[in-house]
Amino acid sequence: MNNSNITCERKKFKPILPNILQNRIKNIDPVSCCSTYSENPKIQQRFINTYGKPVIKFRKGLNTHNIQKKSMKVAVIFSGGQAPGGHNVIAGIFDCLKKVNPENRLIGYLGGAAGILKNQYKIIEKDQLKHYRNTGGFHLIYSGRDKIETVEQLSLMKKHFETDKVDALIIIGGDDSNTNAAIIAEYFKQKKLKTCIVGVPKTIDGDLQNQYVEIPFGFDTATKIYSELVGNVCIDVCSARKYWHFIRLMGRSASHITLEVGLQTHPNIIVIGEEVLEKRMTLSNIVDNIIDIILKRSKLNKDFGVILIPEGLIEFIPEIRELIYTINDILYKNRDIIKTMKTCVEKEHYICSKLPSHLYNLMQSFPHNIIEQLLLDRDPHGNIQVSSIETDKLLITMIHKKLNKLCKLGKYHGKFNAISHFFGYEGRCGLPSNFDANYAYALGYNAAVLIINGFTGYLSYINKLAKVPYDWECGGVPIVNMINIEKRKGEDKFVIQKTLVDLHGIPFMEYISNKEKWALNEDYISPGPIQYYGKSCITDRVTKTLQLKCKKPKKI
């Protein structure tokens, strides 16, 4: 490539649009489909102006809908953590808008929702955007975790949009961000503001899934990056034959990343948080299960192996889940008192004094660094910062203690040398895979088609993703369809429910059918780096999860 590099070459990649989106807008007909709504009257009452809309599917035909004729000013924001493919969403929006009317304008608010409130934005131009196509990161307009939820914030946003004549806002984000999109759309409808609000599903965690959203963009690239790293460790451990590698992977509320990476690399042990929760396993149970495999492998002279752990495992263990909820409640109810405390030790003693005896004893059984991590400040949603809790090191410490006892009793004669890893931020901003480059671009283009047709309160969706991009199906699903009610900080909160690993689904059952074989053997796979050039079976392969979902279940 001479003086070029992969990033420069990658910018030349031309994403493939689904066949339906290659038509002129007047030949893309939005068809209403049946849909299922929550029967909860609280949801209907909260979203009275946007509740009850149909799911939209695009098909080829004469569009008789109320297409936006005048030139439009469309805004876009990134919200939440980064995911590979974000810039291609913006590229898809931009290209669709300009194809329909060269006078259409696209602006990007800087730093997420905070940029809207500060009215800080940049105009996105073709010459500028060409440097960001098919690249990772969100650095074109940055991201933020702020939400626009209060009446004061919504009113200020409305004022800015009316003054600047913003016709539509596209929010690129996960479950919380798209819940926010539903709240904004409802408020604008209530205030008779015609600005359309559309969401785009984004999160590497893979927990924004339903019958319409098969997977959010970013998951494919992130899991391929992690799989390369885990595959490298697997080959190393098979070569050195003297270490147990404990690898903690991103995914605070679901274990989709851990399962997918496990299916791609075949480690010896995969801990799935959802299975731990369903079986109501204690921390001691998890440790004993791991030790059982360690002992079996040691008898085969294999004092080495690879273990995958989801980042959010700590919240799936029922006893620790109860502890965290209780600590959250104490922190919230006594926030004014705790704010006055000058040291962490003072804060720790105070919180421990409020715990029931069984939770106090559990807390005291942890190493001090884990106790400190459990007491860290919560995020804006009241959630514990699981990425700061070193569950991998906690397991290693507990396993060391139990193996030492077994060694003294003459029941273990091997060597346990453990190394811990956390693979998280490495996967969030990689150059998007072919799949994510195509998918993110199509999601953005599709979102633009939705707003041009005047749809608001909708999430852009593309499905049939296991097929080639030409055959993908496109449309929009009302975000209200996905809203549920959860308790947060002691109050009812309207949120899109996170989708957990389905323990009866084909991907998980594929793992179960191979679990024993992978535990005792070195059936490791090193998938290598994301391939951009080469045979289509390599460059364009989709995740194992999507592949398996298309298959018939095996009989176990």
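Throughout, read-outs are computed from the coordinates displayed, never taken from laboratory work. None of the values given here were measured: they were computed from a predicted structure. Cβ atoms come from the backbone with ideal geometry, glycine included; neighbour counts cover every protein chain shown.
How long is the gain from K60 to Y350 if the chain were fully straight, where each residue apart is worth 0.36 nm and the alpha carbon distance is subtracted?
Numbers: separation 290, 0.36 × 290 = 104.40 nm, distance 6.46 nm.
Residue separation times 0.36 nm, minus the Cα-Cα distance, leaves 97.9 nm.
Would you mind listing how long the stretch 54-120 runs along its three principal axes, going by Cα atoms, in whole Å with the largest first?
Rounded to whole Å, the extents work out to 39, 25, 23 Å.
I need the peptides 499-511, 257-269, 39-51 ranked by packing, meaning the mean over residues of other C-beta atoms within 10 angstrom, with the highest value on top.
Final packing ranking: 257-269, 499-511, 39-51.
Using label points projected 7 Å from each Cα along Cα→Cβ, tell me how many nm separate Q22 and D127, to one decimal.
3.2 nm
How much of the pair distance distribution for the stretch 109-240 lies past 22 Å, counting alpha-carbon pairs only, in percent?
When every Cα pair of the stretch 109-240 is considered, 49 percent fall beyond 22 Å.
Report, in degrees rounded to the nearest 10, the 0 to 90 angle that the Cα long axis of helix 175-190 makes with the longest principal axis of the chain.
Compared with the principal axis, the helix lies near 30 degrees.
Using the Kirkwood radius built from alpha carbon pairs, what does the Stokes-Einstein equation give as D for the stretch 331-370 at 37 °C and 0.692 mPa s, in µm² per second?
On the way: Rh = 11.0 Å.
The calculation lands on 299 µm²/s.
Calculate how large, on average over all directions, the projected area of the Cα convex hull of the stretch 264-387 is; give the answer in nm² to one decimal.
Projected area, direction-averaged: 9.5 nm².
Of K57/K192; K69/K191; K126/K467, which ones are farther than 28 Å apart at the Cα? If you can, show how the numbers build up before the last one.
Numbers: K57/K192 26 Å; K69/K191 23 Å; K126/K467 31 Å.
As for pairs spanning more than 28 Å Cα to Cα, those are K126/K467.
What is the Cα centroid distance between the stretch 497-555 and the stretch 397-418, reported in whole angstrom?
Value for the Cα centre distance between the two parts: 33 Å.
Per residue, what volume in Å³ does the Cα convex hull of the chain take up?
Here the figure is 174 Å³ per residue.
If I take every Cα pair under 8 Å that is 6 or more residues apart in the stretch 205-320, average their sequence separation and divide by the length, what percent do I get for the relative contact order?
On the way: 169 pairs, mean separation 40.9, N = 116.
Result for the stretch 205-320 is 35 percent.
Sticking to Cα atoms, compute the Rg of the stretch 16-88 to one decimal and its Dmax as the biggest Cα-Cα distance, whole number, in Å.
Expressed in Å, the Cα Rg and Dmax of the stretch 16-88 come to 16.7, 42.
Taking the Cα of C537, stepping 7 Å toward and past its beta carbon, and measuring to each backbone N in the stretch 458-487: which are under 19 Å?
Under cut-off, by backbone N: 466-469.
Beyond 18 Å, what percent of the Cα pairs of the stretch 453-545 remain? Provide the component values of the computation, followed by the final result.
Working: 3065 of 4278 pairs.
Tail of the P(r) past 18 Å holds 72 percent of the pairs.
For the chain, what does the relative contact order come out to in percent, with C-alpha contacts under 8 Å and a separation of six or more?
24 percent.
Computed FRET efficiency, Cβ-Cβ of K42 and E426, R0 60 Å: what is it to the nearest 0.05?
That pair, K42 with E426, gives E of 0.90.
Assign unit charges at the C-beta atoms only (+1 for Lys and Arg, -1 for Asp and Glu), then state the dipole size of the chain relative to its Cα centre in Debye, rounded to the nearest 20.
920 debye
Helix 219-240 versus the longest principal axis of the chain: what angle, 0 to 90°, nearest 10, using Cα atoms?
In the chain, helix 219-240 runs at an angle near 20 degrees to the longest axis.
Tell me, what ³J(HN,Hα) does each residue in the stretch 10-20 have, in order and in whole Hz, if you take phi through Karplus 6.51 cos²θ - 1.76 cosθ + 1.60 with θ = phi - 60° and put x for Gly and Pro?
The phi angles translate into 5, 4, 7, 4, 9, x, 9, 8, x, 3, 4 Hz.
To the nearest µm²/s, what D does Stokes-Einstein give for the stretch 173-233 at 25 °C and 0.890 mPa s, using the Kirkwood radius over alpha carbon pairs as Rh?
On the way: Rh = 13.5 Å.
Taking Rh from Cα pairs, D becomes 182 µm²/s.
Cut-off is 10 Å between beta-carbons; in what order do K118, K192 appear when sorted fewest neighbours first?
Working: K118 13, K192 7.
The most exposed by this proxy come first: K192, K118.
Extending each Cα 7 Å along its Cβ direction at N521 and S35, get the distance between those two points in nm, one decimal.
4.7 nm
Report the gain in length on full extension from Q211 to D164: 0.36 nm times residue separation, minus Cα-Cα distance, nm rounded to one decimal. Numbers along the way, then the final one.
Numbers: separation 47, 0.36 × 47 = 16.92 nm, distance 3.68 nm.
The Q211-D164 span can extend by a further 13.2 nm.
Just to verify a number: FRET efficiency for K296 and T343, C-beta to C-beta distance, R0 = 35 Å, to 0.05?
Values: r = 46 Å, r/R0 = 1.32.
Efficiency at R0 = 35 Å is approximately 0.15.
Let's test the formula: R0 of 41 Å, r as the Cβ-Cβ distance of Q547 and L156. What FRET efficiency results, to the nearest 0.05? All intermediate terms of the calculation are to be shown ahead of the outcome.
Values: r = 46 Å, r/R0 = 1.13.
Rounded to the nearest 0.05, the efficiency is 0.30.
Evaluate the distance, in nm, between pseudo-label points positioned 7 Å from the Cα of K70 and of L503 along their respective Cα→Cβ axes.
Output for this residue pair reads 5.6 nm.
Give me the Kirkwood hydrodynamic radius of the stretch 181-294 in Å, from all C-alpha pairs, to one decimal place?
It works out to 17.1 Å.
Which angle from 0 to 90°, rounded to the nearest 10, does the C-alpha axis of helix 86-100 make with the longest principal axis of the chain?
So the inclination is approximately 10 degrees.
For the stretch 103-161, what Kirkwood radius comes out of the mean inverse Cα-Cα distance, in Å? If you can, show how the numbers build up before the last one.
Numbers: mean 1/r = 0.0790 Å⁻¹.
Value: 12.7 Å, from the Cα pair sum.
Taking only the alpha-carbon positions of the stretch 17-144 and ignoring solvent, what does the Debye formula give for the base-10 log of I(q)/I(0) at q = 0.09, 0.11, 0.15 Å⁻¹?
-0.37, -0.55, -0.96
Place the peptides 93-103, 21-31 in order of packing, highest mean first, counting for every residue the other Cβ atoms within 10 Å and averaging per peptide.
Numbers: 93-103: 18.9, 21-31: 16.2.
Packing order, densest peptide first, comes out as 93-103, 21-31.
Give me the extension gain from K411 to K333: residue separation times 0.36 nm, minus the current Cα-Cα distance, reported in nm with one decimal.
Between K411 and K333, full extension yields an extra 23.3 nm.
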